[in-house]
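Asks: Please find one structure pasted underneath; my questions will follow.
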Amino acid sequence: MKILVIGNQKGGVGKTSTGVHLTFDSFERGLKVVFIDLDTQGNGSHTLKKYASGVFASSFFNGGPVNVVNGAETPGLALIESDSGLANLESMSLAEAGKAFRAAMDNLKQQGFDLCVIDTAPSLGVALAAALYSADYVLSPIELEAYSIQGIKKMNAAIANVRRVNPKLKFLGMVPSKVDSRNPRHGRHLEQLQAAYPQLIIPTSIGLRSSIADALASGVPVWEIKKTAARKAAKEVRALADLVFKKMEITAS
Ligand SMILES: Nc1ncnc2c1ncn2[C@@H]1O[C@H](COP(=O)(O)OP(=O)(O)O)[C@@H](O)[C@H]1O
Ligand SMILES: [Mg+2]
């Protein structure tokens, strides 16, 4: 089981949208995928509620066994739901939380999944750090707005720090999301970022498209939204999934 964390301490940049779409896409490729929602806002849990496994995310931090497969409604796609217990994590030490989470992930690895996608909260908190300590890959959606860009250095530093403790962690890069092709500021910011981080800016970006918000609200991937405008969005999301899964060396069995 390969573990992919979607992380950026800034909110509203497309983390949940990216995580949910990679989950749907991998499931359709025939992979067995589990989505862990570590954000107390529970946006990903809302979109994926049909796939709820009955296991709650905070149980990954309390040392007990996790048994996901038995509860799954749809074989091959399981949601580990966000719950209010996640709010208590910030009172745990990172060492304690990291250790408990890693043990739970080792347990999860025995349960037949090919891929685990972890969606995280918009903060550089204990949950994100614990997830990064266990992960193989991290992907960061970014927005091309000034406030979002100011946070990128911090995020890259946080990932670099974790890599000293978890050297297997690979940073897949930053995906420009909610990109408005008619907004010259977005174009400028993208050029600046490409110059500053030539290796880290993923070449497939996701446009600002209302069909993506429609899809998330309806609990389906954007390629199931029957509007002409959704086609472009679907193409972009599929291209991103292709690139990410290629980098992760994931292929359908
Ligand atoms: N590419 C996009 N185009 C338009 N709206 C989007 C896009 N991606 C996400 N959204 C919307 O923007 C908001 C924030 O996206 P979300 O994925 O929840 O970000 P995060 O998880 O980083 O907070 C949500 O309301 C979502 O529906
Ligand atoms: Mg989110």
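The values are calculated or read from the model by the stated rules, or taken from the named source; none is laboratory data. Remember, predicted model here, so these are calculated numbers, not experimental data. A quick note on method: Cβ atoms are made from the backbone with ideal geometry, for glycine too, and the neighbour counts reach across all protein chains shown. Only protein heavy atoms, including side chains, enter the accessible area calculation; ligands, DNA and RNA are left aside. Shrake-Rupley method; radii C 1.70, N 1.55, O 1.52, S 1.80 Å.
Asks: To the nearest whole percent, what portion of all C-alpha pairs in the chain is separated by more than 24 angstrom?
Replies: Details: 13656 of 31878 pairs.
Result for the distance tail: 43 percent.
Asks: Using a 1.4 Å probe on the protein chains only, how many percent of the accessible area of region 2-247 belongs to carbon and sulfur?
Replies: Details: 5810 of 10960 Å².
Answer for region 2-247: carbon and sulfur cover 53 percent of the accessible area.
Asks: How much length is gained if the chain between residue 156 and residue 95 is pulled fully straight, taking 0.36 nm per residue apart and subtracting their Cα-Cα distance, in nm to one decimal?
Replies: On the way: separation 61, 0.36 × 61 = 21.96 nm, distance 2.10 nm.
Gain on extension, residue 156 to residue 95, equals 19.9 nm.
Asks: Sticking with this one: What FRET efficiency comes out for residue 195 versus residue 220 if R0 is 51 angstrom and r is the Cβ-Cβ distance? Round to the nearest 0.05. Display every interim value, and only then the final one.
Replies: Numbers: r = 37 Å, r/R0 = 0.73.
Using R0 = 51 Å, I get an efficiency of 0.85.
Asks: Another question, if that's okay. Give me the number: length gained by fully extending residue 185 to residue 213, i.e. 0.36 nm times residue separation minus the C-alpha to C-alpha distance, one decimal in nm. All intermediate terms of the calculation are to be shown ahead of the outcome.
Replies: Working: separation 28, 0.36 × 28 = 10.08 nm, distance 2.23 nm.
Extending this stretch completely gives an extra 7.9 nm.
Asks: For a paramagnetic label modelled at 7 Å from the Cα of residue 88 toward its Cβ, which residues of region 36-57 fall within the zone defined by backbone nitrogen distances under 11 Å?
Replies: none
Asks: How much mean residue ellipticity at 222 nm does the chain get from its helices, if each DSSP H run of length 4 or more adds -39500 (n - 2.57) and you divide by all residues, to the nearest 500 deg cm²/dmol?
Replies: Values: 9 runs with 104 residues, N = 253.
That calculation yields -12500 deg cm²/dmol at 222 nm.
Asks: Specify the inter-centroid distance of region 145-166 and region 89-137, based on alpha-carbon positions, in whole Å.
Replies: 18
Asks: Calculate the spin-label point distance for residue 67 paired with residue 247, positioning each point 7 Å from the Cα along the beta-carbon direction, and give it in nanometres.
Replies: 3.8
Asks: So, one more: Please calculate how many Å² of accessible area the chain carries per residue, with a 1.4 Å probe and no DNA, RNA or ligand atoms counted.
Replies: On the way: 11470 Å² over 253 residues.
Here the residues of the chain average 45 Å² of exposed surface.
Asks: Over the chain, what is the percentage of antiparallel beta bridges among all DSSP beta bridges, to the nearest 5? Show your work: numbers first, answer last.
Replies: Details: 1 of 29 bridges.
Around 5 percent antiparallel, to the nearest 5.
Asks: What is the diffusion coefficient of region 104-253 in µm²/s, taking the Kirkwood radius over Cα pairs and the Stokes-Einstein relation at 4 °C with a viscosity of 1.567 mPa s?
Replies: On the way: Rh = 17.0 Å.
It diffuses with D of about 76 µm²/s by this estimate.
Asks: Something else about it: Provide the gained length on full extension for the span residue 232 to residue 41, in nm with one decimal, where the gain is 0.36 nm per separating residue minus the Cα-Cα distance.
Replies: Numbers: separation 191, 0.36 × 191 = 68.76 nm, distance 2.84 nm.
Gain on extension, residue 232 to residue 41, equals 65.9 nm.
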